[in-house]
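Engineer: Questions regarding the structure given below will be posed in turn.
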Amino acid sequence: MSKHVRVIAAIVCLGFMITMFSSCSTINVTGNAKLIPSTQEGTKIAEKRVWYALWGLVPISNNTTDDIVPANTNVRVETKYTFLDVVISIFTGLVTINCHTAEVYEVK
């Protein structure tokens, strides 16, 4: 292989690896509860994994927290790209599917 082909292959591989771990997904934090700042401690009461196609451009599952936020409580919601999300996305990212996690904490 010539030097130019190796350089182009390296750039393509690097670009592919960068896009595997990036996305533009959105989790809509909604529900009938009072949102508390993320600095407050709380007890984890729910977790939800949200799935996306085209590296986060198109949600393919419900991307709101309506179904996991209890009504009339004080909560804080964290959206994360967990280790498990990374492992899943390594395999599903090849077909442009990835996921993110939303965690709900009840604050007293």
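Throughout, read-outs are computed from the coordinates displayed, never taken from laboratory work. Computed from a predicted structure; not experimentally measured. We place every Cβ from the backbone using ideal geometry, glycine too, and count neighbours over all the protein chains shown.
Engineer: Quote to one decimal, in nm, the extra length available between VAL58 and TYR81 on full extension: 0.36 nm per residue of separation minus the C-alpha distance between them.
Structural biologist: 6.6 nm
Engineer: Here is a further query. Scan around THR82 for amide H atoms under 5 Å from its own, H built in the peptide plane at 1.01 Å from N, and keep only partners 5 or more places away or cross-chain.
Structural biologist: Excluding prolines and chain starts, which carry no amide H, the hits are THR101.
Engineer: Just going by the charge dipole of the chain, with Lys and Arg at +1 and Asp and Glu at -1 on Cβ, which of VAL5, GLN40, HIS100 is farthest out on the positive end?
Structural biologist: Farthest towards the positive end: VAL5.
Engineer: Each label point is 7 Å from the Cα along the Cα-to-Cβ direction; what then is the distance between the points at VAL12 and THR39, in nm?
Structural biologist: In this crude spin-label approximation the distance works out to 5.0 nm.
Engineer: Starting with the highest mean, order 47-58, 64-75, 32-43 by the number of other Cβ atoms within 10 Å, averaged over the residues of each peptide.
Structural biologist: Descending mean neighbour count gives 47-58, 64-75, 32-43.
Engineer: Give the angle, between 0 and 90 degrees and rounded to the nearest 10, that separates the Cα long axis of helix 3-20 from the longest principal axis of the Cα atoms of the chain.
Structural biologist: With rounding to tens, the tilt is 10 degrees.
Engineer: Through the Karplus equation 6.51 cos²θ - 1.76 cosθ + 1.60, θ set to phi - 60°, convert the phi angles of the stretch 74-82 into ³J(HN,Hα) values in whole Hz; use x for Gly and Pro.
Structural biologist: Each residue's phi maps through the Karplus curve to give 9, 9, 10, 10, 10, 9, 9, 10, 6 Hz.
Engineer: If contacts are Cα pairs under 8 angstrom and at least 6 residues apart, what is the relative contact order of the chain in percent?
Structural biologist: It rounds to 34 percent for the chain.
Engineer: Quick one: angle between helix 83-92 and the longest Cα principal axis of the chain, in degrees between 0 and 90, rounded to 10, please.
Structural biologist: Roughly 50 degrees between the two axes.
Engineer: Calculate how large, on average over all directions, the projected area of the Cα convex hull of the chain is; give the answer in nm² to one decimal.
Structural biologist: The directionally averaged projection comes out at 8.2 nm².
Engineer: Next question, about the same structure. Write down the percent of antiparallel bridges among all DSSP beta bridges whose residues are both part of the chain, to the nearest 5.
Structural biologist: Here the share of antiparallel DSSP bridges comes out near 85 percent.
Engineer: To the nearest 20 debye, what charge dipole does the chain have about its Cα centre, counting +1 at the Cβ of each Lys and Arg and -1 at the Cβ of each Asp and Glu?
Structural biologist: So the magnitude is around 380 debye.
Engineer: While we're here: Residues with beta-carbon under 12 Å from that of GLN40, excluding GLN40: net charge, scoring Lys, Arg +1 and Asp, Glu -1?
Structural biologist: 0
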